[in-house]
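Any read-out appearing in this document is the output of simple, stated calculations on the displayed coordinates, not a laboratory observation. Just so it is clear, the structure is predicted and the values come from calculations on it, not from any experiment. Glycine gets a Cβ as well: all are built from the backbone with ideal geometry, and neighbour counts include every protein chain shown.
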Amino acid sequence: MNLHEYQARALLSRAGIPVPPSEVASTPSEAKRAAERLGASRLVVKAQVHAGGRGKAGGVKLAESPEHAAQVAAQILGMTINGLTVRRVLISPAAEIESEAYAGVIVDRVSRSPVLMVSPAGGVDIEEVAATTPEKIFRIRVDVRFGLLSHQALGLALKLFDDVEIARSAADILRKLYRAFLDAGASLAEINPLVRTPRGEVVALDAKIVVDDNELERRPEIAALRDPAAEEPSEVEAREANLTYIKLDGEVGCVVNGAGLAMATMDLVKYYGGEPANFLDIGGSSSPEKVIGALRIITADPHVKAILFNIFGGITRCDDVANGIVAATRQFRVERPIVIRLTGTNEDKALEILSGVGMRALTDMDAAVRQAVALSRAGTGA
Amino acid sequence: MNLHEYQARALLSRAGIPVPPSEVASTPSEAKRAAERLGASRLVVKAQVHAGGRGKAGGVKLAESPEHAAQVAAQILGMTINGLTVRRVLISPAAEIESEAYAGVIVDRVSRSPVLMVSPAGGVDIEEVAATTPEKIFRIRVDVRFGLLSHQALGLALKLFDDVEIARSAADILRKLYRAFLDAGASLAEINPLVRTPRGEVVALDAKIVVDDNELERRPEIAALRDPAAEEPSEVEAREANLTYIKLDGEVGCVVNGAGLAMATMDLVKYYGGEPANFLDIGGSSSPEKVIGALRIITADPHVKAILFNIFGGITRCDDVANGIVAATRQFRVERPIVIRLTGTNEDKALEILSGVGMRALTDMDAAVRQAVALSRAGTGA
Amino acid sequence: MSVFVDASTRLVVQGITGRDGAFHARQMVAYGTRVVAGVTPGKGGQEFDGAVPVFDTVVEAIAATGANTSVIYVPARFAADAVFEAAEAGIRCIVCITEGIPVLEMTRVYAYVKEHGARLIGPNCPGLITPGAAKVGIIPGQICSPGPVGVVSRSGTLTYEVVYQLTRAGIGQSTCVGIGGDPIVGTSFIDCLAAFQEDPATTAVVMIGEIGGTDEQQAAKFVATRMSKPVVGFVAGRTAPPGRRMGHAGAIISGSEGTAVEKIAAFEDAGIGVMQRPADVVPLLEARL
Amino acid sequence: MSVFVDASTRLVVQGITGRDGAFHARQMVAYGTRVVAGVTPGKGGQEFDGAVPVFDTVVEAIAATGANTSVIYVPARFAADAVFEAAEAGIRCIVCITEGIPVLEMTRVYAYVKEHGARLIGPNCPGLITPGAAKVGIIPGQICSPGPVGVVSRSGTLTYEVVYQLTRAGIGQSTCVGIGGDPIVGTSFIDCLAAFQEDPATTAVVMIGEIGGTDEQQAAKFVATRMSKPVVGFVAGRTAPPGRRMGHAGAIISGSEGTAVEKIAAFEDAGIGVMQRPADVVPLLEARL
């Protein structure tokens, strides 16, 4: 789960990291009042959406007065960045910047450990730094059994700042960033830029935190930060139905059990010249209700021209899926051709159920995908 | 540093451990009002002093009404237990007890790890259980790198309670006890008794926490729990003067540099038939001020008949000590004979300083101790 | 022969009295796996299906039954602790089926398992099966058949699909290992490839990867430099958008890292036969066996 | 010969620019110890007394000077981290003089040092000295003389007292080790006794214990079962009241455990010559040498 910048700032601030004051506004007049309260002569107004490249998209602007802040907020609010509508802006005094660094913690899959990274080349995309000037990135693996040790944090901080007092401030921030990362159950926590001001202070000007979805159950206070308004509505609906669904732009709606098979099915749609409309995993122990929910979400997508089921019965029982399909077609009009591939546990029962309502099913994945692609291209055939 | 029971209960309660409600009172009328607020028909009134065996000493009594609570509080307040005056009582509803267990965490010196111990034989001195029925004590070493693991806590809890639901409650308490132990910087945290009520709840009826003095600097909120009124005034004064001083009942006041040498000096006093009046370590890099402070504290003890300095100069400079002695005798009347043993760094200068004011010094520890003992037995000789 | 599990496997099922644990314990018993014990705290002393003794702790289960392998079906919030318990008790091979363990929790679990010298397979995996000998986990036994091909995969049903293709074509499997779809798993592709390379019963390997991370890339290097047996591979997620978690917690393209394109390129560089679609496994293998 | 430090010791002083660090660095240099580097973050590039290069980190100090031993004089709140840093950097013998490290911090430090295969002496100790070869810590060099007696002690000035008695009586020392007065120390009596038993230059050992814990009792068992060299011992604190911390954090009788009486009894049982007073060390040793 991605947090908004303003949420990430609040978590870092709570962890004791110096973060400049800021306020969140969802209307231009709120923005004006916020700017007045902040009382700075120059302000930054930033779109709060889960998307990179906000600056390039025009989602970050400077303002010289509260009135001006209201004006730029009016420009940014409602803007669409990466397909997401901006509903909130963050307003903060423009910082005086002497230098910009980067600091981030991720979970490294290879070493199976958190890795703390810093770079004196901050304020830009860290991936770009890694690609073009990898020598400017310094990292250490954190041994979770002992945590981030003080000398390790200081050692990294000294890569950012020569002055030992400033490095100590930065080391303190690194320790707190690591702490915030753990406390939030994050898979990524970064400060970019980590700014040194002309007065020698070190402050976090922008913050990004991505929380591991698996942490949300035991962290209700973090889970409460979820902003459904910032997500695709169909994905919100799918999550509430316990389905893993990701909307794409194609025409073949896919209903599959298992994430790997779901991806392979999408890939095969593409292989045969079609475009998948979505990723959808109904999970292992599927019930007819999940199938109904899945069909409801997919049929709500107007781009979908054909629906493809690909079920490999293991724990999933094919008859459950068949019952779900039959029940769904009784509850609402699907109005799109359905191609069904079923094999494995209770396959025979499933075929019986389907043929009882005049539906057919295939047992071969390739055949089913080819047929679904053909139907999606034929438009609303049957 | 020992915490009072009421302070330890508060820490455990804050850690999420079920602790029955209680209030603290320092007068009988406060006790009455507290009892009224608690609203129970039977109450326990307990002396809050840093001493074991409060029950046997009459410091724990039952009360049947608020008025009765005031009466027993009047009996307990002002009582002396182990030389300590009772200034506060804790008032709590009398608990219904089905069984009493013990749970404690200590730092084990041998394994260099925290050790969690439980016993189904609670409510009595755990040392007595260890001595008489050691098979009733179960313990696990906690690997600090991983912390107390859930299955370890449950495994111990199942030694206390057969019912798995009750054991799960107890395991939860054990985990929280371990957490509270770490958070307080404790060297000991125990719940005795850990009670099972007839309704199947598990609650902490009494709590003891000893905090590692070395933790106090980084834990101001714990350091603030120190109750100087519960300590020997001369020891409070010594601590404020940065001296390590422990008052005893003998006649030979000892001023020594180094803890081991200080103990060995006391032992030698005893060996030669005297009784040490105190342990006092002026520390490694002593200043004349420390010597003055030490002499002030020792001369304030009316039992002291003779004062013995035993200084082995290493980092400690003998001349510093000599200057301190001279300065002290100018500032206040010592009125007790002083025997001085000095050797090591700047010994010659020290002898010069002392002879300048007509004082002598020995270089042999045994000779000095023998002389001090003789003087202490002779009363106020010189 | 085979890898990790075989006829000498003595299995303890952690969470045997739960819904999933009970269902799959029966499936494993039916397949012929030696399920010697179950563990559910508080149910020690019972018998599961009148045949498998249940214990409160893994330590007790090992003491009474000589279990050497465990499979974990407990809910996510207890699963990490179940792995800790199994490792501490001395289980040599721990198979964690449970999905949903936080990745930070896994960093600690992995360190612990490693210190205890145990092997962890998973979490969030279907387990493994040595056809005809032992099934540990949830892979449907009926789609497998004994034979010379080792299968290793980050996926569940996609593995079944591939194994099903193999079995239908008459190509049996030595062992099929589902290593799990999480960012941190106990056993990597390389661990499995190394084991298959050593295993005399395995003559070729199928590797089924997906987007996210670099495990496939490292595995490709291992294949190129350390393996003499032929390997064919598949990578799921060519059509996956970046930055989205594709069902598996580990199936996510982070920035530009972990795409199917780079993994397939690594496979090709390493001489691995690349399957364009699951059905390609049969012709590619037949050309190499 | 000697134990732990000798002429091959290449010492880095952590905290060399602090008051205590600077003072004792000079003393050690004056004694002839090879002080090859100092470490103070932010002071890298300076020279201490125009002779000892100062580095920001221990890693850099080792790389530039080949340091193999470190001594720590930093304030208590930085001392645990200094040990972590030294161990991580690869120092083999770490001597921590600093007093006041929380014991829970030490549980982690000890685990870390052990994993890194290093030896930690202290904390809260006077360090050690191999007379005539190397002094690491704060033991006054002038009271020591080379010879055949190994000395190991939980104390500082009490050790000086005993060593002083030895030197005055013409009995030299192989190495004197102050193991520290905290409840958790890196090197125990047994570790030192084992080293002295192995050391050909040591023919007898003096062990100076005190109240608190059971290190002396275990050491006594070790002496009885594993040592052929004669040992004499002292236990400070016969007059100490129970439950009070006698200056040293570790010098406390907890309940009935850790009394001088039980330690002395253990010494006697093990055939250790028990000193009633520090001065007894000379006649007891002379009877055994």
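Cβ-to-Cβ counts within 10 Å put D:S2, A:S150, B:S376 in ascending order as A:S150, D:S2, B:S376, the fewest first.
GNM remark for chain C: springs join alpha carbons under 10 Å apart, and the peak mean-square fluctuation among C:G186, C:G237, C:G42 falls on C:G42. Our Cα-only numbers for region A:6-57 put the radius of gyration and Dmax at 12.3, 32 Å. Counts of other chain beta carbons within 10 angstrom of each beta carbon in peptide D:77-88 average 3. For region D:156-211, a/c is not less than 1.5, where a ≥ b ≥ c are the root eigenvalues of the C-alpha gyration tensor, and a/b does not top b/c. That puts it in the oblate class.
Taking the Kirkwood radius as Rh and the Cα radius of gyration as Rg, region D:199-244 has a ratio of Rg/Rh equal to 1.06.
When the Cα positions of B:A300, B:A259, B:G273 are compared along the charge dipole of chain B, B:A300 comes out farthest toward the positive end, with charges on each C-beta of Lys, Arg, Asp and Glu. Rg over Rh for chain D works out to 0.97, both radii taken from alpha-carbon positions and Rh defined as the Kirkwood radius. Only Cα sites of chain A enter the Debye sum here, all with the same form factor; the resulting log10 I(q)/I(0) across q = 0.13 1/Å is -1.03, listed in q order. With respect to the axis relating copies A and B by rotation, the chain A residue whose beta carbon is closest, plus that distance in Å, is A:R145, 2. Note on region C:55-95: Kirkwood radius taken over Cα pairs, Stokes-Einstein applied at 37 °C and 0.692 mPa s, translational D equal to 323 µm² s⁻¹. Label-point spacing for A:G200 across the identical copies (point 7 Å from Cα in the Cβ direction), in nm and ascending order: 6.4.
Among A:Y271, B:Y245, a tally of other beta-carbon atoms within 10 Å of each Cβ gives an order, fewest to most, of A:Y271, B:Y245.
From the helices alone, meaning DSSP H stretches of at least four residues, give me the mean residue ellipticity at 222 nm for chain C, per-run term -39500 (n - 2.57), in deg cm²/dmol to the nearest 500. Helices in chain C give a 222 nm mean residue ellipticity of -10500 deg cm²/dmol.
Shown for B:P21: label points 7 Å from Cα along the beta-carbon vector, and their distances to the equivalent points in the other copies, 4.2 nm in ascending order. The rotation axis taking chain D to chain C passes closest to the C-beta of one chain D residue; that residue and the distance in whole Å read D:E115, 5.
If you bin all the Cα-Cα distances of region C:10-121 at 5 Å, starting from zero, the percentages per bin are 2, 14, 26, 26, 19, 10, 3, 0.
Temperature 4 °C, viscosity 1.567 mPa s: under these conditions the Stokes-Einstein estimate for region D:139-286, based on its Kirkwood radius over C-alpha pairs, is 86 µm² per second. Reachable aspartates and glutamates from B:K176, Cα under 13 Å, same-chain residues fewer than 8 places away excluded? Straight-distance partners of B:K176: B:E190.
Any idea what angle helix B:150-160 forms with the longest principal axis of chain B, computed on alpha-carbon atoms, 0 to 90 degrees, nearest 10? Roughly 80 degrees, rounded to the nearest 10. Dividing the Cα radius of gyration of region A:21-93 by 2.2 N^0.38 Å, with N the residue count, gives 0.97. Diagonalising the gyration tensor over the Cα atoms of the protein assembly as shown and scaling each eigenvalue by 5 before taking the square root yields semi-axes of 66, 35, 34 Å, largest first.
Each principal axis of the Cα cloud of region D:101-199 was taken in turn, and the coordinate range along them, longest first, works out to 42, 27, 20 Å.
With a 10 Å cut-off around each Cβ of B:348-359, the average count of Cβ atoms from other chains is 0. Computed from Cα atoms, the angle from the helix B:164-184 axis to the main principal axis of chain B rounds to 30 degrees. Taking a ≥ b ≥ c as the square roots of the eigenvalues of the Cα gyration tensor of region A:257-382, is the shape rounded (a/c under 1.5), prolate (a/b larger than b/c) or oblate? Judged from the Cα gyration tensor, region A:257-382 comes out rounded (a/c under 1.5). Inter-copy label distances at C:P75, using a point 7 Å along Cα-to-Cβ, come to 4.9 nm with the shortest given first. The mean number of Cβ atoms from other chains found within 10 Å of a Cβ in peptide B:150-156 is 6, as a whole number. What the Cβ-Cβ distance of B:E128 and B:R219 gives, at R0 = 41 Å and to the nearest 0.05, is a FRET efficiency of 0.80.
Placing unit charges on the Cβ atoms only, positive for Lys and Arg and negative for Asp and Glu, gives the protein assembly as shown a dipole magnitude near 320 debye about its Cα centre. The tail of the calculated P(r) for region B:94-197 beyond 17 Å holds 49 percent of all Cα-Cα pairs.
Packing here is the average count of other Cβ atoms within 10 Å per residue, and on that basis the peptides A:165-175, B:322-332, highest first, run A:165-175, B:322-332. Across chain B, Cα pairs under 8 Å and at least six residues apart give a relative contact order of 12 percent. To the nearest ten degrees, helix C:215-226 and the longest principal axis of the Cα atoms of chain C are 70 degrees apart.
Dividing the Cα radius of gyration of region A:1-130 by 2.2 N^0.38 Å, with N the residue count, gives 1.14.
Checking the cross-link pairs A:K270/A:K305; C:K114/D:K114; B:K56/D:K263; B:K56/B:K159 against a 19 Å limit on the alpha carbon distance flags B:K56/D:K263; B:K56/B:K159 as lying beyond it.
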